[in-house]
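Taking it in order: structure first as structure tokens, then the write-up.
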Amino acid sequence: MARKTLNADFNQTLDTLRAHSFDVSPYDQVAGGMLVSKHGAAAVLVPGQGVAQYASQAHAPAKQTAVVFAIHPGVLVRGEVARLLDRGYQKFIRTSQYELPATAAQLQGIHMFSEELNQLTGVVSLYNQALGTTSDVYQYDRLKNREAVQSPPARPWEKGGGH
């Protein structure tokens, strides 16, 4: 038997988050945005009637969501939601002013916050996200400027200036 789901609107979703100990407050930098925080992590939600994340794939049915992420989950630093930067050897917390190494407690806080927020808002939770914290930006030092150094591959079938 199919499970019935409630289609909550934006305000009902915010009330549900408040009932589960999330701090909800207006966020001035995004029009209509609400800052939702818990466990030292935060995200900015806006009302949305868009299709849920990753539901546009052919095998997944389209699902309408009451909320959309204006700013994805990250550590809350001085009222700003920081982005998570992965450099291969370590993760960093990046704000508009600071870039600091991420601690294990911060990463666990982001992960717990994301999982609980996705469950309460009805956003699709993916396998790789459920395993641990995923980063917003990936910058590996071994790959930095790699594209500029490589020359185009040789084409032996074309006539060259040699023989």
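The values are calculated or read from the model by the stated rules, or taken from the named source; none is laboratory data. Please read all numbers here as calculations on a predicted model, not as lab measurements. Positions of Cβ are generated from backbone atoms using ideal geometry, with glycine treated the same way; all protein chains shown enter the neighbour counts.
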From the options Thr95, Thr13, residue that is surrounded by 19 or more Cβ atoms within 10 Å (Cβ to Cβ), hydroxyl-bearing (Ser, Thr, Tyr) and either touching a strand residue (DSSP E or B) at 6+ places or on another chain (Cβ under 6 Å) or at pLDDT below 85 (or both): Thr13
Within the range 17-47, which residues are at pLDDT 90 or above and out of contact with any strand residue (DSSP E or B) (no Cβ under 7 Å at 6 or more places or on another chain)? Ala19, His20
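Among the residues of the range 63-79 satisfying the criterion of being among the small types (Gly, Ala, Ser) and outside any strand (DSSP E or B), which is modelled with the highest pLDDT? Let's see the steps before the verdict.
Of the residues in the range 63-79, the ones among the small types (Gly, Ala, Ser) are 66, 70, 74, 79.
Now narrow it down to the ones that are outside any strand (DSSP E or B): 66, 79.
Numbers: Ala66: 76, Gly79: 84.
The residue in question is Gly79.
Could you please give the count of residues in the range 72-108 that are among the small types (Gly, Ala, Ser), under 15 Å from the mean Cα position of the chain (by Cα) and more than 20 Å from Val24 (Cα to Cα)? Outline the logic, then answer.
So in the range 72-108, the residues among the small types (Gly, Ala, Ser) come out as 74, 79, 82, 88, 96, 102, 104-105.
If we keep only those that are under 15 Å from the mean Cα position of the chain (by Cα) as well, we get 74, 82.
Narrowing the set further to residues that are more than 20 Å from Val24 (Cα to Cα) leaves none.
Residues meeting the conditions: 0.
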Check the range 80-92 and report whether any residue there is modelled with pLDDT of 85 or more, out of contact with any strand residue (DSSP E or B) (no Cβ under 8 Å at 6 or more places or on another chain), part of a loop (DSSP other than H, G, I, E, B) and more than 21 Å from Asp15 (Cα to Cα). no
Could you figure out which of (1) surrounded by 13 or more Cβ atoms within 10 Å (Cβ to Cβ); (2) modelled with pLDDT of 90 or more; (3) of a type in the set (Gly, Ala, Ser) isn't true of Ala105? (1)
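Within the range 72-82, which residues are surrounded by 19 or more Cβ atoms within 10 Å (Cβ to Cβ) and not small (Gly, Ala, Ser)? Please lay out each step first, then the result.
So in the range 72-82, the residues surrounded by 19 or more Cβ atoms within 10 Å (Cβ to Cβ) come out as 73-76, 81-82.
The answer is Pro73, Val75, Leu76, Val81.
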